[in-house]
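The values are calculated or read from the model by the stated rules, or taken from the named source; none is laboratory data. Quick caveat, the model's predicted, so the values are computed rather than measured. All Cβ positions, even for glycine, are placed from backbone atoms using ideal geometry, and neighbour counts span all protein chains on display. Accessible surface is based on the protein model in full, side chains and every heavy atom, while ligands, DNA and RNA are left aside. Shrake-Rupley method; radii C 1.70, N 1.55, O 1.52, S 1.80 Å.
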Amino acid sequence: MELENHKTKAVNVLRSRICDPKFIFNNDYPDSNYSKLKFMISSSVTEACNNSILLLGPRGSGKSAVLEVVIQDLLQEYPDSISVIRLNGLLHCDDISAFKEIARQLCMEHQLLFSKAASFDDNSQFMVAILKECGLAHKTVIFVLEEFDLFARGKQRLLYSLLDAMQSIASQAVVLGISCRLDADQLLEKRVRSRFSHRKLLFLPPSMEDSQKLLMHMLTLPTDSSFPHDYAVEFNRKVQNIIEDRKFKETIKKYLNVDSCIKHLLRFLFCAVSHMDMQTGFLSQENFEIAFSSIQRQPKLECLRNCSNLELHILVCMKRLEVKEQSLCNFNSVMKEYKRMHDSFRTSEHYSRNVCLRAFEHLIHREMICFTDNRGQSLSVEFRPVKLLISSAELHQGLRAYNSCPAYLLKLMDREG
């Protein structure tokens, strides 16, 4: 019974780690984004200086999660010296609603009465006055601007007002912009850019090596008294063997090729841990394979299994045109490629143009391909430009799973890949 409890506890510990951003991102390596961001913000708090920082990277790369961990740590270290104002470009991209939201949050923070009837100028002046008061009280106001690039549209009055107010020696504030656009700072007007600190942190998808380090960090059990020593050592040894296994590395590589963001990698881990065999109490290679098959993108593969032989030929022809970097692709260019492929391999199967056109239209209907734009709707289907909605990896995997797929199509895909 005691061993069963340890097995259940191990699963619960691993699940709680995967759901805890602080465990994932809180590391003291000097090169980590967590350490850099914490140093920059804490320096602004302790040295009473203003700062503006951009966190840039693709969605799911951990920008908001790292920032939240840093803010929570700083609130514990300096509980009376920090207040946080949060805005989102999806909700507050126009200047009037943004200043109203800032005024509302500042009133809540300082226990003041908020007036909904206050004008744009009233809210703007109120923000500047509060920043000066906070500066005199040695309190730093942190502005978190999610979807920063959306604030960089129009006249950018919010960004200008914030950064301009920070030029005063009396104010004490930090502006943190979060964006998935790597060129977000280039969207700023000249008057705004001149007041921006030009500090940027780049959040990149994890490499294969980084992913393996993260897996070891997440899946290794502590060898202290919370678990039986022999069980924890054996569990960690098996985890290390799995991570170093060539087959496992191929599984992780396939997953990273589909989606390499941290958020989805953690979802993959959670799924694998949830499939852990409670009889043995250890993770196995099979757990990760089940997790991969359960969360990988399936809809396109299901559509490929139901495609006709001719439709597969059309998809391969379009993929070949894509590899040749042919910018304009329509039914006529696909048919030319189909004829070239037919002549090269001298296949016995050859379909008429009308039959091919029906198969082409069927692929459009099933959303395997689509028109590049809505212009030219008066044109015949044969002349409208189209594009593929399926990746090379998915097409190759679908062809391999197709029982009656001609061997030369697989050879073509192998050659193009």
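Accessible surface area normalised per residue over region 284-384 is 56 Å², counting heavy atoms of protein chains with a 1.4 Å rolling probe. For the chain, the longest principal axis of the Cα atoms and the long axis of helix 120-136 meet at an angle of about 60 degrees.
Each stretch of four or more DSSP H residues adds -39500 (n - 2.57); spread over every residue of the chain, this sum gives -17500 deg cm²/dmol at 222 nm. Each Cα pair under 8 Å and six or more residues apart adds its separation to the average, and for region 311-367 the resulting relative contact order is 43 percent. P(r) tail for region 36-131: Cα pairs beyond 17 Å make up 61% of the total.
Note on Ser378: accessible area is roughly 120 Å² with a 1.4 Å probe, heavy atoms of protein only.
Within the same chain, lysines fewer than 8 places from Lys387 are excluded, and of the rest, those with a Cα less than 21 Å from its Cα are Lys300, Lys319, Lys324, Lys336, Lys339. When you restrict to C-alpha pairs under 8 Å that are six or more residues apart and normalise by the size of region 54-200, the relative contact order lands at 33 percent.
Extending 7 Å from the Cα toward the beta-carbon at both Ser404 and Glu77 defines two label points whose distance is 6.7 nm. Taking DSSP loops as anything outside H, G, I, E and B, show the longest stretch in the chain free of GluC sites (Glu not before Pro) there with at most 16 other beta carbons within 10 Å. With a cap of 16 other Cβ atoms within 10 Å, the longest stretch comes to 48-188. Between the amide H of Val84 and those of Ile142, distances stay under 5 Å, these residues lying 5 or more places away or on another chain, with hydrogens modeled in the peptide plane.
Only Cα pairs under 8 Å and 6+ residues apart enter the sum, and on that basis the relative contact order of the chain stands at 16 percent. Here is the P(r) of region 208-297: all C-alpha pair distances, binned every 10 Å from 0, give 16, 53, 26, 5, 0 in whole percents. For Lys200, the aspartates and glutamates whose Cα falls under 12 Å of its own Cα, not counting residues fewer than eight places away in the same chain, are Asp183, Asp185. The shape of the chain comes out oblate: with a ≥ b ≥ c from the C-alpha gyration tensor, a/c is at least 1.5 while a/b does not beat b/c. Each distinct pair of alpha carbons in region 116-174 adds a 1/r term; the inverse of their mean, the Kirkwood radius, is 12.3 Å. The ellipsoid that matches the Cα gyration tensor of region 64-120 has semi-axes, each √(5λ) in whole angstrom, of 25, 17, 6, with the longest given first.
When the chain is treated as a Gaussian network with alpha carbon springs shorter than 10 Å, the biggest mean-square fluctuation among Leu388, Leu301, Leu379 belongs to Leu379.
Can you give the FRET efficiency to the nearest 0.05 for Glu325 and Ser380, using r as the Cβ-Cβ distance and R₀ = 22 Å?
After rounding, the FRET efficiency stands at 0.30.
Surface composition of the chain: carbon and sulfur make up 52 percent of the accessible area, probe 1.4 Å. What is region 127-221 by shape, rounded, prolate or oblate, if you read a ≥ b ≥ c off the alpha carbon gyration tensor as root eigenvalues and call it rounded for a/c under 1.5, prolate for a/b larger than b/c, and oblate otherwise? Cα axes put region 127-221 in the oblate bin.
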